[in-house]
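First comes the structure, then the notes that go with it.
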Amino acid sequence: MRIARAARDGAAFWGVVDADGATIRPIAGAFAEWAPALTRDCDPGVLRFAGEAVPLDPAGLLAPIERSARVMIAGVNYSKHLVEFGVAPPSQPFAFLKAYRALIGPYDEIRFPPLTNELDHEVELVAVIGAEQVDRNDPLASVLGYTIGNDVSSRDLQRSGPKGVGMDLLAAKSQDATTPVGPWIVTRDEFPAGSPSLAMRLTVNGETRQAASSGDMTWGVDALIDFIDERTRFDCGDILFTGSPEGVGQGTGKFLKSGDVLETSIDKIGTLRNVIGPRG
């Protein structure tokens, strides 16, 4: 089942997208009212609807997360990606928060922040938490489903942290309107049990820049959820970026430019299509 967040007549709503992606049927109630039951049972019968299906306008799709939810980012989670940064393999997962204002919809224009000269791309599998509380004995049971993210980063700003303090991840990862997410959540019952192993690909103007599998993660989705939840509890509706594979501009020297067209795809989920806007 595909669940999307969309806007119609100026109002945001959640809905179930049909198999052809042509229509969306609005779900009645807030995300926190129906998501826990759907996460627990993976049964569409738990949903109530607020009317019949309506045409799906791709331009109206929003990032599948409520403004009150948190955006968690796991980094350095693919071994070949570590080589691009010259970083030794860490002994445990590495995670941080991204600002909600960084998120945009799956087909929105990506803002080119004026402070950076090294805008970079990162295809990532994103897990959506649907349970009210994570069961650490079975972390994946808390996952409603999976979506796609492109963790667009300002690499020069990332390296600009004070000497001896570390990376400036706020400046690098939370610039306004830079991070597309979507196009929808595919519920976890659509995937085999365990941490997903899905083909991931990112192209820039048709040229493949990243191609790997989410099965290459150092720590699977279950391990990431357990690690983060032990430090700050997940709430229903939070999303988790799970890391990006090799092929980013930091390693290749190919950074993004205004006008570039990015297509970010993950097998069995879909594709984001975004254009880099003018600097500013």
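The values are calculated or read from the model by the stated rules, or taken from the named source; none is laboratory data. Fair warning: this is a prediction, and the values are worked out from it, not measured in the lab. Because the Cβ atoms are built from the backbone with ideal geometry, glycine has one as well, and the counts that use them run over all protein chains shown. Accessible surface areas use protein heavy atoms only, side chains included; no ligands, DNA or RNA. Shrake-Rupley method; radii C 1.70, N 1.55, O 1.52, S 1.80 Å.
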Tell me the carbon and sulfur percent of the accessible area for the range 1-57, rounded to whole percent, probe radius 1.4 Å. 49 percent
Tally Lys/Arg at +1 and Asp/Glu at -1 over every other residue whose Cβ is under 12 Å from the Cβ of residue 243; what's the total? -4
Dipole of the chain [Lys/Arg +1, Asp/Glu -1 at C-beta], most positive-end residue of 147, 102, 62: 102
Count neighbours as other Cβ atoms within 10 Å of each site's Cβ, and list the GluC sites (Glu not before Pro) in the range 7-102 that are DSSP loop with at most 11 such neighbours. 52
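So for the chain, averaging the separation of alpha carbon pairs under 8 Å that are six or more residues apart and normalising by length, what relative contact order in percent results?
Numbers: 695 pairs, mean separation 70.7, N = 280.
With pairs under 8 Å counted, the relative contact order is 25 percent.
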Spatial separation of Cα centroids for the range 148-194 and the range 202-251, in angstrom: 9 Å
Principal-axis tilt of helix 31-41 within the chain, Cα atoms, nearest 10 degrees: 80 degrees
Cα-based Rg and Dmax for the range 48-106, where Dmax is the largest Cα-Cα distance (Å): 18.0, 54
Got a sec to turn the phi values of the range 131-139 into Karplus ³J(HN,Hα) couplings, 6.51 cos²θ - 1.76 cosθ + 1.60 with θ = phi - 60°, whole Hz, x for Gly and Pro? 7, 6, 8, 6, 8, 5, 6, 8, x
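How much of the accessible area of the range 179-270, in percent, comes from carbon and sulfur atoms when a 1.4 Å probe is used?
Numbers: 1500 of 3420 Å².
That fraction is 44 percent.
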Cα extents of the range 57-147 along the three principal axes, largest first, in whole Å? 44, 44, 20
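Tell me the relative contact order for the range 47-126 as a rounded percent, counting alpha carbon contacts under 8 Å between residues six or more apart.
On the way: 49 pairs, mean separation 26.6, N = 80.
Computed value for the range 47-126: 33 percent relative contact order.
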Extension gain (nm, one decimal) between residue 170 and residue 267, 0.36 nm per residue minus Cα-Cα: 31.9 nm
For the range 152-261, what's the relative contact order in percent, using C-alpha pairs closer than 8 Å and at least 6 residues apart? 19 percent
With θ set to phi - 60°, apply the Karplus curve 6.51 cos²θ - 1.76 cosθ + 1.60 along the range 100-116 and write out the HN-Hα couplings as whole Hz, x wherever there is a Gly or Pro. 4, 5, 6, 7, 9, x, x, 10, 6, 6, 8, 6, 9, x, x, 7, 10
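Just need the Rg to Rh number for the range 121-274, please, alpha carbons only, Kirkwood Rh.
Values: Rg = 15.9 Å, Rh = 16.3 Å.
Ratio of gyration radius to Kirkwood radius for the range 121-274: 0.97.
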Residue-averaged 222 nm ellipticity for the chain, from DSSP H runs of 4+ at -39500 (n - 2.57), nearest 500: -3500 deg cm²/dmol
Might you report the magnitude of the Cβ-based charge dipole of the chain about its Cα centre, with Lys and Arg at +1 and Asp and Glu at -1, to the nearest 20 debye? 700 debye
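If eta is 1.002 mPa s and T is 20 °C, what Stokes-Einstein diffusion coefficient results for the range 1-79, Kirkwood Rh from Cα pairs, in µm²/s?
Values: Rh = 13.9 Å.
Translational diffusion coefficient: 154 µm²/s.
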Solvent-accessible area per residue for the chain at a 1.4 Å probe radius, Å²? 43 Å²
